[in-house]
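**Q** The structure's right below; bear with me while I get my questions together.
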Amino acid sequence: MSAPDYREIESHISSSRALTDLPEAHGTLAGALCSGEQLSVQDWLREIFPEGRAGDAEAALHAVFEWTRYVLRAGHIEFQLLLPGDEMPVAERAMALGQWCQGFLYGLGSNPIPDIEDLPADVSEIVRDLTAMTRIDVDENESLEDNEQAYVELVEFVRVGVQLLHDELAPFRTTAADDNSVSLH
């Protein structure tokens, strides 16, 4: 299963009445999938669009949802953050990475998980690092090449961190899903 095309999906989102752009929307999706199993594509679309209807973007966003869920569950290293390509200035890509992290943290908090202090140390450290990355910016005193290299390293850190968080939070997702499946009659 190949990664969705960023430019195609972003053009669908930007031509619709979306409340956010693709990086933040994808981050929200990834965070919600890390913390819970109950998310549906319609739940996610309600986060992105005022009426929960994506219009022309629906098929493309459904593909993003299915791909993201598949690669996170499979534990493949195929998981990627949906971010602008290298043709965009590094400052814009860094801003998009910050938005992605902001969306991720929002999605992560959409389901009940233990306080980060009660999670394994590496998990709580990743959450703190992602929180700090919401304020990412390029260093004006560094060369373009250094900023590019730093950006690439941060994207890889986030990508691997998200997969680790997904794996480490699996017992909590199972517990939450089990609790939700109990029917009160």
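**Q** Show the residue pairs meeting these rules: Cβ distance below 9 Å; 6+ apart or different chains; first residue within the stretch 35-54 and within 24 Å of PHE172 (Cα to Cα); second residue exposed (fewer than 13 other Cβ atoms within 10 Å of the Cβ) and of a type in the set (S, T, N, Q).
**A** Listed pairs, sorted by first residue: GLY36/ASN180; GLU37/THR174; GLU37/ASN180; GLN38/ASN180.
**Q** Failed condition for LEU39, given (1) touching a Ser or Thr at 6+ places or on another chain (Cβ under 9 Å); (2) farther than 22 Å from HIS166 by Cβ, with all others met?
**A** Condition not satisfied by LEU39: (2).
**Q** Follow-up. Checking THR174 against (1) surrounded by 11 or more Cβ atoms within 10 Å (Cβ to Cβ); (2) at pLDDT below 80; (3) outside any helix (DSSP H, G or I): exactly one of these is not met. Which one?
**A** Among (1) surrounded by 11 or more Cβ atoms within 10 Å (Cβ to Cβ); (2) at pLDDT below 80; (3) outside any helix (DSSP H, G or I), THR174 violates only (3).
**Q** Would you check if there is a residue in the stretch 22-43 being in a helix (DSSP H, G or I), farther than 30 Å from ALA150 by Cα and not β-branched (Val, Ile, Thr)?
**A** Narrowing the stretch 22-43 to residues in a helix (DSSP H, G or I): 22-35, 41-43.
Going one step further and asking which of them are farther than 30 Å from ALA150 by Cα, we end up with 41-43.
Among the residues that remain, those that are also not β-branched (Val, Ile, Thr) are: 42-43.
Within the stretch 22-43, one or more residues are in a helix (DSSP H, G or I), farther than 30 Å from ALA150 by Cα and not β-branched (Val, Ile, Thr).
**Q** Just one of SER40, SER14, SER35 is within 18 Å of SER110 (Cβ to Cβ) and either β-branched (Val, Ile, Thr) or out of contact with any helix residue (DSSP H, G or I) (no Cβ under 7 Å at 6 or more places or on another chain) (or both); which is it?
**A** Working: SER14 fails: within 18 Å of SER110 (Cβ to Cβ); SER35 fails: either β-branched (Val, Ile, Thr) or out of contact with any helix residue (DSSP H, G or I) (no Cβ under 7 Å at 6 or more places or on another chain) (or both).
Criteria check complete, one pass: SER40.
**Q** Given the criterion buried (at least 18 other Cβ atoms within 10 Å of the Cβ) and out of contact with any strand residue (DSSP E or B) (no Cβ under 8 Å at 6 or more places or on another chain), identify the matching residue among LEU108, LEU144. Quick ask: steps written out before the conclusion?
**A** On the way: LEU144 fails: buried (at least 18 other Cβ atoms within 10 Å of the Cβ).
Going through LEU108, LEU144 in turn, just one is buried (at least 18 other Cβ atoms within 10 Å of the Cβ) and out of contact with any strand residue (DSSP E or B) (no Cβ under 8 Å at 6 or more places or on another chain): LEU108.
**Q** Limited to the stretch 2-36, what total is found for residues that are closer than 19 Å to HIS166 by Cα and not acidic (Asp, Glu)?
**A** In the first step, residues of the stretch 2-36 are kept if they are closer than 19 Å to HIS166 by Cα; the result is 3, 23-36.
Okay, now just the ones that are also not acidic (Asp, Glu), so 3, 23, 25-36.
Total satisfying the criteria: 14.
**Q** Consider VAL41 carefully, then state whether it is in contact with a His (Cβ under 8 Å, 6 or more places away or on another chain), more than 26 Å from PHE157 (Cα to Cα) and among the aliphatic types (A, V, I, L, M). Show your work before the answer.
**A** Working: in contact with a His (Cβ under 8 Å, 6 or more places away or on another chain): yes; more than 26 Å from PHE157 (Cα to Cα): yes; among the aliphatic types (A, V, I, L, M): yes.
When the stated conditions are applied, VAL41 passes them.
**Q** With VAL138, VAL162, VAL123 as the choices, which residue is over 25 Å from SER2 (Cα atoms) and either modelled with pLDDT of 85 or more or among the aromatic types (Phe, Trp, Tyr) (or both)? Can you show your working first?
**A** On the way: VAL162 fails: over 25 Å from SER2 (Cα atoms); VAL123 fails: either modelled with pLDDT of 85 or more or among the aromatic types (Phe, Trp, Tyr) (or both).
None of the other options fit; the residue is VAL138.
**Q** Follow-up question, since we're still on this one. Take the residues in the stretch 25-46 that are within 13 Å of the chain's Cα centre (by Cα) and under 13 Å from ILE13 (Cβ atoms), then tell me which one is surrounded by the fewest Cβ atoms within 10 Å (Cβ to Cβ).
**A** The qualifying residue surrounded by the fewest Cβ atoms within 10 Å (Cβ to Cβ) is THR28.
**Q** Does GLU58 count as part of a helix (DSSP H, G or I) and without any contact (Cβ under 8 Å) to a residue 24 or more places away in the chain? Walk me through it before giving the result.
**A** On the way: part of a helix (DSSP H, G or I): yes; without any contact (Cβ under 8 Å) to a residue 24 or more places away in the chain: yes.
Answer is yes for this residue.
The values are calculated or read from the model by the stated rules, or taken from the named source; none is laboratory data. Keep in mind that what you see is a predicted model, and the values were worked out from it rather than measured. Don't worry about glycine lacking a Cβ; one is built from the backbone with ideal geometry, like all the others, and counts go over all protein chains shown.
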